[in-house]
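Visitor: Sharing a structure, written as structure tokens. Questions coming.
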Amino acid sequence: MLVIFSLKYLSLLFVFVAYVMYFKKHLNILIFASIILIFGLRMLLFTIPIDEFSGMVRIEDIETFEYSERITVSYQNKRYVFYAQKDQYKLGDMLEMEAEIITFEKPTRPFGFNEYEYYLGNHIHGKLNINRVEVIKSSFHVLSLREHLMSRIETLKSSSLIAALWFGKNDDLDKDILSSWNILFLFKVTGIHVYAFLLMIKKLFVENSFVYKVLHISMLICFWYLQAFHVTMFRYILLWLIYHVFKRFNIRLHAVTIVLIAFTMHLLIQPYLMFHVGFMLGYSIVFFIRILMQWMPYQHSLFSTYRLSMHISIWIGIFTQKLYVISILLMPMFIWFVAYVLFLGSFVVWFMPIFDGFLYQVYEQFIYMLNVFEDIQIALFIPSMNGIFQVMLISIIVWMLMSKTYALMVKKTLMLVLLIGVSFLTIRIDEVTHMYFLDVGQGDAFLMKSKSCVTVIDAFDGIKETLQGLGIHQVDYFFLTHNDLDHTKEKDEIMNTFHVKHAYTSRFQEIDGFESMPMNRVLTCGQVTIKALSPYQNYQNDNENSLVLLLSIQDTKMLFMGDAGIETEEELIKEYGEHLKADVLKIGHHGSNTSTSKRFINVVKPSYAVISVGRNNRYGMPHASVINTLNNFPVITYRTDLMGTIHFEFYRNDMWIHTFL
């Protein structure tokens, strides 16, 4: 498939088109539809793939990590990335290269990161497996001056802050706490700190004066350059130009129509931005604010600024499916502080380094304050919606904001609350039991969600995002089979983010916050029962001491082996015999030849087997002997490395199995 559109982005596009139709007296809908058609054709041209190339490429960007650099090169109007040692190349270098192009992966688990769309949104079409490369010459790059300016602040204590606010590089900031408050996302997407800076400039000049106009557009272009031609600054420039061009010819356009024209022009110039989350969210925020001002005029007062900031925070929360109550209440103050204190302070430090230490202390106190409020943060995860619900939600928000009276506004708000409520209600009334063997690479992660029970077995990766995507706030049972990192990496995040009612592990494992699971104890969770079968004795080996669980739903039994090996399997056969039979077997130790003996499979007699294993892993798992054993019985085998997440669904007496690849 040449073009893969995200339904969330299409729903935004739908609202844009619908609103143009509402204001069709300002813009002919036929012209708009024709432009969108041209855009679609350009997208097709931009996404025709190639498998390899040989020729001259130019280095367009270098992103530095701790031990390596990610190099972005351009070839025939497309960009590709590869990794190299630090300081091996310079911006603008011309390389003679032969390389294979590896396509970025699409999600292999529900709500997983879409690497393909993320990079395509940044005009990067693949990563390179280089066969031959040679530096031909170094040439001047338009961003060389930016690199020089950034090098001048490297010795400052507040360099990471200045780099984030002025150059759009936030690699060295306290990402965890700033991300949890959506502060980095907000400033990157909206450029609100730049807007605040321009408002200060505005107070020094008459609004309609020629000097102010020249200074305004000049500052926008400077910021656009400093932030490496980021889409946020280009949006500001387009909006400014469209407004003044139409004003010059005495053509009056509705503010929303100007946003729509800018949105369309921007996509025509850079069509791959359809996949850029920041681009879509940025325009949706401007679009949202312009509609909001129809019934809530902005009066440049402190209250108006606070109210507008709250609405932006809520909009970002709806878009990202995460609403943080304390964040919504305090965000307006944080926006003011970052925009006027930290941003303007960094401007002063740039020219007067003597204030560097003071600015750094102010920033550290700000981070400390965020951490204090983080302890009382209340999170609300909005369940993921299908395409129809997304269109309905955003359309109702727009329709709500078109209200001419507050009474009508209240009625439409109730409809919005009802729609969001329905999305939560579907989780509660869903009679289907879902079980996900998540594709997490070389590790284990299992999630079961039913009408009245949420159970997690191991949590290497992907559990947190899946729980949030499903709108789940409480975990009834959290099991860790043993204490290896490839089973426990997300343990602390889950314990801190969700309300975990019960947490169990093997009685011969010690994990903070987890109780020992007694043998043969049966837990009931909704229509599911969970029983611990092993370990009976201490094998003096973490893998053999894995907690072995038998999960039963309806007439189906699922046996989870953790990393238990053949010694444990023999003990289970001795203890349970034919009662060990299960319909689904979660293969032990990722398919290692230390587990899954022929005798064990003969006793369990599974119809299906699931192997959680990483693609092309260095351990050679699953071992050929294990695959041969399963094939000889025969057992239908599902592998996460080949099929992505394995999704079982149970409804009454029926069972369905889906894969993500």
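Visitor: Any idea which of (1) under 27 Å from the mean Cα position of the chain (by Cα); (2) surrounded by fewer than 20 Cβ atoms within 10 Å (Cβ to Cβ) is the one Asn250 doesn't satisfy?
Guide: (1)
Visitor: As an exercise: evaluate Ile530 against (1) outside any strand (DSSP E or B); (2) open to solvent by less than 50 Å² (accessible area, probe 1.4 Å); (3) among the β-branched types (Val, Ile, Thr) and give the number of the one condition it does not meet.
Guide: All conditions pass for Ile530, except number (1).
Visitor: If a residue must be assigned to a loop (DSSP other than H, G, I, E, B), out of contact with any strand residue (DSSP E or B) (no Cβ under 7 Å at 6 or more places or on another chain) and either basic (Lys, Arg) or open to solvent by less than 20 Å² (accessible area, probe 1.4 Å) (or both), how many such residues does region 613-657 contain?
Guide: Residues meeting the conditions: 4.
Visitor: What do you reckon, is Ser546 among the small types (Gly, Ala, Ser) and crowded, with 16+ Cβ neighbours inside 10 Å?
Guide: yes
Visitor: Just name the residue that is least open to solvent (accessible area, probe 1.4 Å) out of those in region 348-357 that are without any contact (Cβ under 8 Å) to a residue 60 or more places away in the chain and closer than 22 Å to Ala196 by Cα.
Guide: Once the filter is applied, the top-ranked residue is Val348.
Visitor: Still on this structure, I have one more. Across region 511-527, what is the number of residues that are hydrophobic (A, V, I, L, M, F, W, C), open to solvent by 30 Å² or more (accessible area, probe 1.4 Å) and either assigned to a strand (DSSP E or B) or at pLDDT 95 or above (or both)?
Guide: Residues flagged as hydrophobic (A, V, I, L, M, F, W, C), open to solvent by 30 Å² or more (accessible area, probe 1.4 Å) and either assigned to a strand (DSSP E or B) or at pLDDT 95 or above (or both) within region 511-527 amount to 1.
Visitor: Scan region 542-557 and tell me whether some residue there is under 23 Å from Met655 (Cα atoms), part of a loop (DSSP other than H, G, I, E, B) and within 32 Å of the chain's Cα centre (by Cα).
Guide: No.
Visitor: Find the residue count for region 204-247, including only residues that are more than 30 Å from the chain's Cα centre (by Cα) and within 26 Å of Phe288 (Cβ to Cβ).
Guide: 12
Visitor: Restricting to region 569-582, what's the tally of residues that are part of a loop (DSSP other than H, G, I, E, B) and buried (at least 17 other Cβ atoms within 10 Å of the Cβ)?
Guide: 1
Visitor: Can you name every residue in region 57-90 that is farther than 15 Å from Ser144 by Cα, among the basic types (Lys, Arg) and surrounded by fewer than 17 Cβ atoms within 10 Å (Cβ to Cβ)?
Guide: Once the filter is applied, which keeps residues that are farther than 15 Å from Ser144 by Cα, among the basic types (Lys, Arg) and surrounded by fewer than 17 Cβ atoms within 10 Å (Cβ to Cβ), region 57-90 yields Arg70, Lys86.
Visitor: Could I ask something else about it? Does region 53-64 contain at least one residue that is at pLDDT 90 or above and either among the acidic types (Asp, Glu) or assigned to a loop (DSSP other than H, G, I, E, B) (or both)?
Guide: Yes, that holds for at least one residue.
Visitor: Another question, then. Does Ser179 satisfy the criteria of being among the hydroxyl-bearing types (Ser, Thr, Tyr), open to solvent by less than 70 Å² (accessible area, probe 1.4 Å), modelled with pLDDT under 85 and more than 24 Å from Tyr324 (Cβ to Cβ)?
Guide: So Ser179 does not fit the description; no.
Visitor: A further question follows. Given the options Val214, Val256, name the one that is assigned to a helix (DSSP H, G or I) and either touching a helix residue (DSSP H, G or I) at 6+ places or on another chain (Cβ under 9 Å) or over 24 Å from Trp350 (Cα atoms) (or both).
Guide: Answer to the check: Val256.
Visitor: Another question, if that's okay. Do any residues in region 633-655 that are within 23 Å of Gly614 (Cα to Cα) and among the small types (Gly, Ala, Ser) have Cβ atoms under 7 Å from those of residues that are open to solvent by 20 Å² or more (accessible area, probe 1.4 Å) and assigned to a strand (DSSP E or B), where the two are at least six apart or on different chains, and which pairs are they?
Guide: Filtered contacts from region 633-655: Gly644/Thr659.
Visitor: Sticking with this structure for a sec: Taking the condition in contact with a helix residue (DSSP H, G or I) (Cβ under 7 Å, 6 or more places away or on another chain), over 20 Å from Thr488 (Cβ atoms) and at pLDDT below 95, does Tyr576 pass?
Guide: So Tyr576 does not fit the description; no.
Visitor: Could you tell me how many of the residues in region 313-336 are loosely packed, with under 15 Cβ neighbours inside 10 Å and closer than 20 Å to Phe197 by Cα?
Guide: Within region 313-336, residues that are loosely packed, with under 15 Cβ neighbours inside 10 Å and closer than 20 Å to Phe197 by Cα number 1.
The values are calculated or read from the model by the stated rules, or taken from the named source; none is laboratory data. Keep in mind that this is a model prediction, so the values were computed, not measured. Cβ coordinates were reconstructed from backbone atoms using ideal geometry, including for glycine residues, and neighbour counts include every protein chain displayed. Heavy atoms of the whole protein, side chains included, go into the accessibility calculation; ligands, DNA and RNA do not. Shrake-Rupley method; radii C 1.70, N 1.55, O 1.52, S 1.80 Å.
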